[in-house]
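Take a look at the structure set out below.
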Amino acid sequence: MTPAIAKAICVLGGILWFVIRYPHQRRSWTTPIRASARDARETILLSVSLTGLGIMPWTYVATGFPRFADYHFSGVLAWTGTLVFALALWLFYRTHADLGRNWSVSLEVRNSHTLVTCGIYQHIRHPLYAAFWLWAVAQALLLPNWVAGPAGLIGFGTLFFFRVGREEQLMIETFGEEYRAYMRQTARVVPFVY
């Protein structure tokens, strides 16, 4: 493994992420929204996450900026990052497949929205967030730069911690006791842990 290959894996992972998401995003545009919590705060959080998981690492891959924050490349870390990214992509795909038409990029409930509790959702309530956490960890392992590497953890972490409570409140408002019971049976992101 070389630094150039590790950077290429980061780029390829981002492209595959888009390829997985695009058909679901396109389909979601045709399903009317019943309730939305998308506001300025949500837009800012999405932008912060995009900066950490997209803009910063892609800028680093394309230009090497910020070079002052580079550290010694480790092939072992890069291979580990590759495996973590592969797991993130699988989980990302599985989440979209299980959600079907219930998926949305933002805090929205669609018409005919159903509570999904099967597939990967049988084990954790927010597998999409788990996939993003894995992506952020993979990025930190693949990019030997103290800014671009952990930018995903900071960017996505900001979105996650300021959003997950609001999302769960929206689900409680939509599904009531059914969602509360589901919360008691599952962990948020890591099975049996959190």
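Among residues belonging to the stretch 25-60 that are over 24 Å from Gly157 (Cβ atoms) and hydrophobic (A, V, I, L, M, F, W, C), point out the one that is nearest to the chain's Cα centre (by Cα). Checking each candidate, the answer is Trp29.
Would you check if Thr95 is hydroxyl-bearing (Ser, Thr, Tyr) and part of a helix (DSSP H, G or I)? In short, yes. Identify all residues within the stretch 11-57 that are farther than 13 Å from Phe92 by Cβ, part of a helix (DSSP H, G or I) and among the charged types (D, E, K, R); write none if there are none. Within the stretch 11-57, Arg26, Arg27, Arg41, Glu42 qualify.
Is it the case, given these coordinates, that Pro66 is at pLDDT 95 or above, touching a helix residue (DSSP H, G or I) at 6+ places or on another chain (Cβ under 6 Å) and either surrounded by 13 or more Cβ atoms within 10 Å (Cβ to Cβ) or of a type in the set (Asp, Glu) (or both)? If you could, list the steps in order and put the result at the bottom.
Details: at pLDDT 95 or above: yes; touching a helix residue (DSSP H, G or I) at 6+ places or on another chain (Cβ under 6 Å): no; either surrounded by 13 or more Cβ atoms within 10 Å (Cβ to Cβ) or of a type in the set (Asp, Glu) (or both): yes.
It is false that Pro66 is at pLDDT 95 or above, touching a helix residue (DSSP H, G or I) at 6+ places or on another chain (Cβ under 6 Å) and either surrounded by 13 or more Cβ atoms within 10 Å (Cβ to Cβ) or of a type in the set (Asp, Glu) (or both).
Here is the figure for the stretch 167-194: residues that are basic (Lys, Arg) and in a helix (DSSP H, G or I) total 2.
Counting only residues that are surrounded by 14 or more Cβ atoms within 10 Å (Cβ to Cβ), touching a Lys or Arg at 6+ places or on another chain (Cβ under 7 Å) and either among the acidic types (Asp, Glu) or under 30 Å from Met56 (Cα atoms) (or both), the stretch 150-194 holds 2 of them. For residues in the stretch 16-35 being surrounded by 13 or more Cβ atoms within 10 Å (Cβ to Cβ) and not polar (S, T, N, Q), which is farthest from Leu107 (Cα to Cα)? If we take residues in the stretch 16-35 being surrounded by 13 or more Cβ atoms within 10 Å (Cβ to Cβ) and not polar (S, T, N, Q), then Leu16 is farthest from Leu107 (Cα to Cα).
Residue pairs whose Cβ atoms lie under 6 Å apart, sitting 6 or more positions apart in sequence or on different chains, and linking a residue in the stretch 1-16 that is free of Cβ contacts under 8 Å to residues at least 12 places away in the same chain to a partner that is among the aliphatic types (A, V, I, L, M) and loosely packed, with under 13 Cβ neighbours inside 10 Å, do not occur here. Filtering Ala131, Ala97, Ala86 for residues that are farther than 30 Å from Met1 by Cβ and within 16 Å of the chain's Cα centre (by Cα) leaves a single hit, Ala97. When you scan the stretch 147-158, do you find a residue that is in contact with a strand residue (DSSP E or B) (Cβ under 6 Å, 6 or more places away or on another chain) and outside any helix (DSSP H, G or I), even just one? No, every residue in the stretch 147-158 fails to be in contact with a strand residue (DSSP E or B) (Cβ under 6 Å, 6 or more places away or on another chain) and outside any helix (DSSP H, G or I). Of all the numbered requirements in (1) touching a helix residue (DSSP H, G or I) at 6+ places or on another chain (Cβ under 8 Å); (2) more than 19 Å from Pro23 (Cα to Cα); (3) touching a residue at least 60 places away in the same chain (Cβ under 8 Å); (4) not aliphatic (A, V, I, L, M), Phe92 misses one, and that requirement is (2).
Against the conditions (1) surrounded by fewer than 16 Cβ atoms within 10 Å (Cβ to Cβ); (2) touching an Asp or Glu at 6+ places or on another chain (Cβ under 7 Å); (3) farther than 21 Å from Pro32 by Cβ, Leu115 satisfies every one except (3).
Quick grid of which residues meet (1) at pLDDT below 95; (2) in contact with a Ser or Thr (Cβ under 9 Å, 6 or more places away or on another chain); (3) under 16 Å from Phe85 (Cα atoms):
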| residue | (1), (2), (3) |
| --- | --- |
| Ser106 | yes, yes, no |
| Leu143 | no, no, yes |
| Phe160 | no, yes, no |
| Met171 | yes, no, no |
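Taking the conditions (1) in a helix (DSSP H, G or I); (2) touching a helix residue (DSSP H, G or I) at 6+ places or on another chain (Cβ under 7 Å) in turn, Gly100 satisfies each one other than (2).
The values are calculated or read from the model by the stated rules, or taken from the named source; none is laboratory data. Remember, it's a predicted structure, so these values are computed and weren't measured experimentally. Note that each Cβ is placed from the backbone with ideal geometry, even for glycine, and that neighbours are counted across all protein chains shown.
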